[in-house]
Amino acid sequence: MAGAATVEKALDVLFHLHAAGEALGPSEIGRALDLPKSSCHRLLAALAQREVVERDALGRYRPGVALLALGLGAQHRDPIVRAARPTLEAEAAAFGETVFLVARRGGRLRVLDKVEGMGFLRAAPGLGDEIPEDVTAAGRLHRAWEPPPAPDDRSATLPGPAWAVNRDAWIAGLSVLGVPVFEARPGGPPRIAGVLALAAASARFDAIGEDAIATRLCFAARQVNERLGVTGSLGSRTT
């Protein structure tokens, strides 16, 4: 139990440093997490030895380069990311706008990958960021396509929307169109694997046209589906 508690405290330190957005001193970290000074120093020293935190010239700590290697390793090994990456690159180049891959991980919707275009959306949301479900195209699609939570329900997922649109609901001036991608499931119907989403300034979105974006992204999603073992079109309407 003591070992598990130490791991939890170390993770608390890492998440706190990530959320802070700047280097912090040991005293600041200890106060924020209610850690004794000696315990905080021991944790930071152990984490620094593994390079998951780094100490600057002023003795403050920030996330280390080893976290980058771990994070990129996890991303590159994700089968959905591997299947979608060529499509993200192609669509970002074709539209000149940023295209995202959003999927559920740990019960939350996260940005698993993104390829930036030339539009104003150059920095946000970032890789790993959580996406709100109630006001986003990705959230609506996941809710529509995910199976009921009952553990004894083995029925096929009912047809959901072919795409969804979010206009200015999450970020003012931003419009997003998302399309679902699916993966094969042994012994059952395909299930939603994630969402391809194009984000653009609303004026630019209107200039391209919703139908044009949806048509191209739906075709792109079918390419990803095929890489994940699913053929055919499952969507039926918009939302």
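Read-outs: derived from the displayed coordinates by stated rules, not from any lab. It should be emphasised that the depicted structure is a prediction, and the values quoted were computed from it without experimental measurement. Positions of Cβ are backbone-derived with ideal geometry, glycine not excepted, and every protein chain shown enters the neighbour counts.
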Next item on the list: Determine the sum of side-chain charges near ARG143: Lys and Arg each +1, Asp and Glu each -1, restricted to other residues whose C-beta is under 10 angstrom from that of ARG143.
Entry: -2
Margin query: Give me the extension gain from GLU133 to GLU210: residue separation times 0.36 nm, minus the current Cα-Cα distance, reported in nm with one decimal.
Written below: 25.6 nm
Check: So what J values fall out for segment 90-98 if you push phi through Karplus, 6.51 cos²θ - 1.76 cosθ + 1.60 with θ = phi - 60°, rounded to Hz, Gly and Pro as x?
Finding: 5, 6, 5, 5, 5, 8, x, 10, 7
Item checked: Residues with amide H under 5 Å from that of GLY64, placed H, sequence gap 5 or more -> VAL53, GLU54
Check: Which ³J(HN,Hα) values in Hz, rounded to whole numbers, follow from the phi angles of segment 15-27 under the Karplus curve 6.51 cos²θ - 1.76 cosθ + 1.60, where θ = phi - 60° and Gly and Pro get x?
Finding: 5, 5, 5, 4, 5, 5, x, 7, 5, 10, x, x, 5
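When only DSSP loop residues count, what GluC sites (Glu not before Pro) in segment 15-115 have their Cβ near at most 12 other Cβ atoms within 10 Å?
Listed in order of number, the matching sites are GLU22.
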Checklist line | Under 14 Å, Cβ to Cβ, from ASP206 - net charge with Lys/Arg +1 and Asp/Glu -1 | finding: -2
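Treating only the Cβ atoms of Lys and Arg (+1) and Asp and Glu (-1) as charged, compute the dipole magnitude of segment 78-227 about its Cα centre; round to the nearest 20 debye. Can you show the working numbers first?
Values: 18 positive and 19 negative charges, 63 e Å.
Value, rounded to 20: 300 debye.
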